[in-house]
Amino acid sequence: MAETDTGVAQGGLDKVIGDAIIAFNVANVMYPLVSAKICPPGAITVQWPEYTAVASSSVGAATDGSDYTTVTSVTTTARSATVSEHVIRADVTDLAVMGNADDVAGNTGDILGNAVAAKLDADLTTLGKSFSQTECSAGTQLTLDHIFGGLRQLRAANAPAPYNLVMSDEGVWGDKGIQGLLVDVAVTGSNSKPGSLLGVQGQEMLSRGWVTSLGGIDIYFSNEIDDDVSSGGDSASFMFSRGALGLAVGPQGLFRIETERNASFRSTEYVATGFWGEVETKDAFGVYILHDVS
């Protein structure tokens, strides 16, 4: 048993729960971007219907006063996700509380909340690799054409806006990422200054270190994006509409933290649990953007 023992932390029981929830809400990126459904009481599985698109060619001309006999079939495919438990536990000894001026409960709350939130992001960002529509490729540097290519594919699929682009730190701030596309840091003569900026977005990146959107696509950052796909130094970015991914949430909520006193070990157990299951609900509403960041 790996316990947090003497000299680690200090704090009160009431604070760890609040801090864990706050840490979860702050750290989590993907939850607000996907189609999340809470299971009804007595169930742990959620289904999403995927409707088959009907083309304009299915609409025909009719003759006044006559019966229109051509019938178009509206079909659906069920996509389902079953809730499972995602657990992390930390044990804090009494001497750790007594012997350190740090805040054991607050620190434990932050750590557990961030860990569960990161796991949720990891599960959902992994699904981004499964989209059959792709832009860029392994060993290829990202360009604006690839970003707008993803936008083109989502629009062609009639995916409803808003569109989200989720990237890693290298994907956003790396010299082969968004930053490198918006800000040209070449030097001229003895003046070390940006050689060029790509409009308002380039200025935003230079002044704030971040750009919120590009071409109407909202940009998000997650540490859980794989930056070394197949050990090749490629990043698994992806673009999607909300309907592309589904998240089933447990009937009692997404996240909770509980404590249990273990008197014989002179310690308190802190257990954080996330209740969710994830599934790709509409493949055409997502685009996998694999690009070089090495």
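Couple of notes before you dig in:
- Failed condition for A81, given (1) open to solvent by 60 Å² or more (accessible area, probe 1.4 Å); (2) assigned to a strand (DSSP E or B); (3) in contact with a Ser or Thr (Cβ under 8 Å, 6 or more places away or on another chain); (4) among the aliphatic types (A, V, I, L, M): (1)
- Subset of the range 270-285 (residues that are open to solvent by 30 Å² or more (accessible area, probe 1.4 Å), over 14 Å from L247 (Cβ atoms) and part of a strand (DSSP E or B)): V271
- Flag for Y51 being under 28 Å from S168 (Cα atoms), open to solvent by 70 Å² or more (accessible area, probe 1.4 Å) and under 28 Å from the mean Cα position of the chain (by Cα): no
- Looking across the range 134-150, the residues that are of a type outside the set (G, A, S) and surrounded by 20 or more Cβ atoms within 10 Å (Cβ to Cβ) come down to E135, C136, L142, H146, I147.
- Looking across S294, S207, S230, S264, one residue alone is open to solvent by 20 Å² or more (accessible area, probe 1.4 Å), assigned to a helix (DSSP H, G or I) and either in contact (Cβ under 8 Å) with a residue 12 or more places away in the chain or under 23 Å from N25 (Cα atoms) (or both). It is S230.
The values are calculated or read from the model by the stated rules, or taken from the named source; none is laboratory data. Since the structure is predicted, the reported quantities are computational estimates derived from the model, not experimental observations. For neighbour counting, all protein chains shown are included, and Cβ atoms are generated from backbone atoms with ideal geometry for every residue, glycine included. To get the accessible areas, we keep the full protein, side chains included, count just its heavy atoms, and leave off ligands, DNA and RNA. Shrake-Rupley method; radii C 1.70, N 1.55, O 1.52, S 1.80 Å.
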